[in-house]
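Presented below is the structure to which this report refers.
Nothing in this text is a laboratory measurement; each read-out follows from the coordinates by a stated rule. Treat the numbers as computed from the prediction; the structure is a model and nothing was measured. Cβ: placed from backbone, ideal geometry, glycine included. Neighbour counts: every protein chain shown.
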Amino acid sequence: MSIADDKPAVRQPQLDYRQMEESVELSHVEHPDSDELLTINIGPHHPATHGVLRLLCTLEGETIREMKPLIGYVHTGIEKTAEDKSYWKAIPVVERMDYLAYFFNAHAFCGAVETLLDLEVPKRAQYLRVIHFELNRIMSHLVWLGTSALDIGAISMFWYCFRDREQVLDLFEMSTGQRMHTRYIQVGGVMEDIPVGFPRKVREFTSIFPDRVDQFADLLERNEIVLQRLRNVATVPEERLLALGVSGPLLRATGNPWDLRKAQPYSSYEDFEFAIPVGTVGDNYDRFRVRMQEMKESVRIIEQALDGLPEGPYITPDRKYALPPRHELATSMEALIHHFKLVTEGYRVPPGEVYYPIESPRGEMGCFIRADGSAKPARVHMRDPSFVNLQALRDMTVNTYVADLIATLAMLDPILGGIDR
Amino acid sequence: VPDATGLELLAQELRDADEAAVLDTSHFRGKAALIVEPRRIREVLQFLLGKGFTFLASVHGLDYFPEEPRLGVHYELLDMREVDRITVKLRVPTDAPEVPSVTPEWPTADHQEREVYDMFGVIFADHPDPRRILMPEDYEGYPQRRDFPIGGEPVLFTFNEQNMPGWWENRPEQQPPNE
């Protein structure tokens with residue numbers, strides 16, 4: 001094993017693993033009523049933690065007095081891997097961070113590269129991207145709804161949600177060739193145009209889906225158990241969430257209508273009419289309601305994007321950055337050279353540092369790229385919303401029941417692939 | 001986004017309060033950035049907080065190898081009312097990678113500073129919980145540094161265990177596996 005040879009002057013004391021575990025200090029917790037505090041691990045391998053997340057909880061009876069999330073179990077070094085690949089070859093690895101929001105990962109990355117290159121994306125490509133973003137948002141929220149309902153004991157919801165999610169994944173397979181991690185979004189546009197019949201298939205889905213959302217709502221919202229598990233549980237005020245950097249549906253549940261699609265429109269979101277659902281008090285029930293409504297708004301956006309889908313190229317015509325069409329290779333020497341250059345070295349990106357934020361299903365997903373003028377990024381960093389939002393879990397759960405922790409974690413909707421990267 | 005003039009005004013106001021606080025300004029692709037003295041980072045962020053940049057969106061770490069000073073930390077600030085963004089950048093050398101922690105004022109920086117420490121070895125002074133976050137706690141080295149080789153960590157599988165003689169050495173608490 002080889003490591004960096006320049007050791008920093010200031011170092012953390014080298015403790016062994018057990019001592020480091022003990023450094024998670026929980027003994028300062030006050031416990032006036034009883035002397036009995038119990039520290040338990042929830043996870044890392046537990047169905048209710050939605051991934052490999054470990055929660056170190058100190059309980060007093062059934063009440064949580066202190067909670068620390070421990071993460072890193074699925075750290076795969078994607079950011080490091082991306083530094084070793086040319087820009088367009090980094091897209092597939094970056095997509096695998098937040099594995100329920102792959103179009104968003106890819107777009108945050110591609111958007112940052114496009115900003116660095118100062119590259120114009122054709123209107124049709126922007127609309128095609130929006131269609132896939134919103135389908136992806138629906139898909140992600142369906143997984144959230146199904147697994148969350150499962151956590152609070154509504155097993156049939158899981159099957160209904162995954163039935164509809166399958167329908168979205170079939171659409172992805174039709175347009176991109178893959179169900180997940182599609183590599184559809186490319187720098188300068190999208191990989192290929194949608195096939196004939198795709199708009200009709202999407203409309204089949206969007207015509208039926210709002211009713212489905214209503215059915216889900218009917219199943220859950222009149223259920224006394226669900227209401228008791230969600231209402232007035234894990235309320236955190238808006239100011240605290242802002243201080244903790246929380247964004248997305250969690251923030252909107254407190255009534256703050258911050259949504260990058262409206263506030264800083266990207267990819268032609270300014271062309272579409274849609275509402276931003278907000279909650280009132282910011283408890284679990286509001287978080288649930290906001291996401292349910294968001295799915296309906298996504299349907300509206302998809303329908304508008306299909307109606308107004310402009311004609312034109314689906315990827316930038318600039319051959320320096322986008323592969324030439326296959327048929328040109330047989331006749332054009334120029335195209336062959338471009339193809340060869342792009343596939344071997346890739347394009348060079350002028351030096352600079354950009355941060356490109358977009359609104360993912362979980363909040364602000366930003367991609368930071370430092371380019372050093374070569375064909376590979378010098379640094380790729382994802383500001384993953386799950387990673388930042390997870391910090392709010394302590395505020396949400398301390399002094400609530402341990403049973404509520406499971407419901408709260410479900411409503412937080414963390415994706416561990418995105419947290420650990 | 002503050003335009004070039006607005007950025008210079010901000011920088012001038014900071015310089016009026018503290019001569020050495022702002023080292024440079026930059027404007028790239030419509031995005032304003034302040035390059036500041038590492039020791040003044042808390043005051044600078046506090047000043048920008050007063051200007052309406054109330055949301056710390058992200059903290060990035062990066063390595064400018066082979067340039068010096070090598071390590072960098074970026075703070076992405078957001079003004080939700082004016083829909084403005086500004087970046088605050090600082091750089092520290094690897095032999096004294098100390099930056100004051102901004103976690104007391106900005107609780108969101110907690111995990112993100114730990115990540116920068118974990119990946120780059122930047123020490124955040126006065127951080128309430130300065131431990132590694134993604135890598136194992138007993139890990140040595142800072143994997144996101146540019147001179148840390150990719151694939152620098154041998155992955156232990158059953159099939160290649162024999163090919164790595166003494167892989168358990170330097171791990172005093174662990175017993176070698178039964179032969």
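Can you tell me what share of the DSSP beta bridges in the protein assembly as shown is antiparallel? A percent to the nearest 5 is fine.
Antiparallel: roughly 90 percent of the beta bridges in the protein assembly as shown.
Given R₀ = 51 Å, what would the calculated FRET efficiency be for A:Asp307 paired with B:Gln162, taking r from the Cβ atoms and rounding to 0.05?
According to the calculation, E is roughly 0.20.
How large are Rg and Dmax for chain B when calculated on the C-alpha trace, in angstrom?
Rg and Dmax of chain B, Cα atoms, are 20.3, 71 Å.
Nearest 0.05, what FRET efficiency do B:Ala125 and B:Glu68 give at R0 = 35 Å with Cβ-Cβ as r?
Result of the calculation: an efficiency of 0.95.
Can you pull the one-decimal nm distance between simple spin-label points at A:Arg163 and B:Phe28, each 7 Å off the Cα toward Cβ?
Label-label distance for A:Arg163 and B:Phe28, simple model: 5.2 nm.
Output the 0 to 90 degree angle, nearest 10, between the alpha-carbon long axis of helix B:41-50 and the longest principal axis computed from the alpha carbons of chain B.
Around 50 degrees separate the two axes.
By how many nm would the segment from A:Asp170 to A:Asp118 grow when fully extended, if each residue of separation counts as 0.36 nm and the alpha-carbon distance is taken off?
15.3 nm
Nearest 0.05, what FRET efficiency do A:Ala275 and B:Ala20 give at R0 = 35 Å with Cβ-Cβ as r?
So the FRET efficiency works out to roughly 0.10.
Once you put a point 7 Å from the Cα of A:Asp318 and another 7 Å from the Cα of A:Asn232, both along the Cβ direction, what distance in nm separates them?
Here the answer is 5.7 nm between the modelled labels.
Per the Debye formula with a single identical scatterer at each Cα and no solvent contribution, what log10 I(q)/I(0) holds for the range A:193-307 at q = 0.11 Å⁻¹?
Log10 of I(q)/I(0), two decimals: -0.46.
Take chain A, connect every pair of alpha-carbon atoms lying under 10 Å apart with a spring to form a Gaussian network, then pick out the residue of A:Leu329, A:Leu405, A:Leu116 with the largest mean-square fluctuation.
Looking only at A:Leu329, A:Leu405, A:Leu116, the biggest GNM fluctuation is shown by A:Leu329.
Taking a label point 7 Å from the Cα of A:Ser332 along the Cα→Cβ vector, which residues of the range A:176-203 have an amide N closer than 19 Å to it?
A:187-193, by backbone N distance to the label point.
Using only the alpha-carbon atoms, how far is helix B:109-120 inclined from the longest principal axis of chain B? Give it as 0 to 90 degrees, nearest 10.
50
Taking only Cα atoms, what is the 0 to 90° angle, nearest 10, from helix B:4-17's long axis to the longest principal axis of chain B?
90
How long is the gain from B:Asp3 to B:Asp95 if the chain were fully straight, where each residue apart is worth 0.36 nm and the alpha carbon distance is subtracted?
Gain on extension, B:Asp3 to B:Asp95, equals 29.5 nm.
Given a cut-off of under 8 Å on Cα pairs at least six residues apart, what relative contact order in percent is computed for chain B?
Relative contact order, chain B: 16 percent.
Once you've got the GNM for chain A with C-alpha springs shorter than 10 Å, pick whichever of A:Arg212, A:Arg124, A:Arg137 has the biggest mean-square fluctuation.
A:Arg212
Enter the mean projected area of the convex hull around the alpha-carbon atoms of chain A, in nm², rounded to one decimal. Mind dumping the intermediate values first?
Details: hull surface 94.1 nm².
One quarter of the hull surface, i.e. the mean projection, equals 23.5 nm².
Could you pull out which residues in the range A:148-182 have an amide N less than 16 Å from a spot 7 Å beyond the Cα of A:Arg222, following the Cα-Cβ vector?
Nothing falls inside the zone, counting backbone N under 16 Å.
So for the pair B:Glu105, A:Arg200, with labels modelled 7 Å out along Cα→Cβ, what separation do we get in nm?
6.1
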